[in-house]
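Peer 1: Before I ask anything, let me first share the structure, which is written out below as structure tokens.
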């Protein structure tokens with residue numbers, strides 16, 4: 001007579017089940033660090049910890065262009081990422097927290113995700129063209145906080161962050177619920 005084997009209940013199995021059950025807390029923790037640490041760099045530099053602040057700034061350089069005219073400053077020092085990245089990572093964090101407390105199960109489709117993403121692609125592409133071909137003057141040089149360029153970067157980054165969470169998180173949760 002065949003008997004059904006019980007799954008092993010090893011320490012590693014329990015660990016994996018806990019990760020699957022609490023994945024959102026890991027994501028939130030990562031986003032708190034990733035979205036928050038860039039603001040620590042200018043703070044450290046303003047307190048005289050120049051080398052530590054610069055090291056943190058260089059660490060983020062591989063993920064963002066960090067152009068001074070497109071970045072926030074704090075105490076006279078630039079934040080580690082640009083305004084668009086600030087909007088994107090802040091909206092990812094905010095939506096991730098809202099997902100954690102709300103636990104909606106509806107997801108948006110890929111066409112709506114594209115609608116959330118397209119403005120950032122167009123705006124970012126426009127900036128890239130302006131950077132590569134400055135003689136065309138595709139963008140006004142005004143990049144100050146409150147300018148049209150500033151608001152375009154903030155809105156497009158936010159839309160992308162919101163779209164990613166609305167599209168991905170319910171799908172991830174459904175897959176982990178199947179485990």
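Please treat every number below as a calculation from the coordinates, not as lab data. In this text the structure is predicted, and so the values were computed from the model without any measurement.
Peer 1: Tell me what the chain gives for mean residue ellipticity at 222 nm when only DSSP H runs of n ≥ 4 count, each as -39,500 (n - 2.57), the sum divided by the residue total, rounded to 500 deg cm²/dmol.
Peer 2: Values: 6 runs with 121 residues, N = 179.
My calculation for the chain gives -23500 deg cm²/dmol from helical runs alone.
Peer 1: Moving on. Beyond 23 Å, what share of the Cα-Cα pairs of the range 77-171 remains, rounded to the nearest whole percent?
Peer 2: Values: 1457 of 4465 pairs.
Above the 23 Å cut-off, the range 77-171 has 33 percent of its Cα pairs.
Peer 1: Now for a separate question. Contact order normalised by length for the chain, with contacts defined as Cα pairs under 8 Å and 6 or more residues apart; what percent is it? Walk me through the numbers before you get to the answer.
Peer 2: On the way: 185 pairs, mean separation 41.9, N = 179.
In percent, rounded to a whole number, it is 23.
Peer 1: At each listed q (0.19 Å⁻¹), what is the log10 of I(q)/I(0) that the Debye formula gives for the chain modelled as equal alpha-carbon point scatterers?
Peer 2: Result of the Debye calculation: -1.25.
Peer 1: Give the distance, in whole Å, between the Cα centre of the range 60-77 and the Cα centre of the range 80-114.
Peer 2: 22
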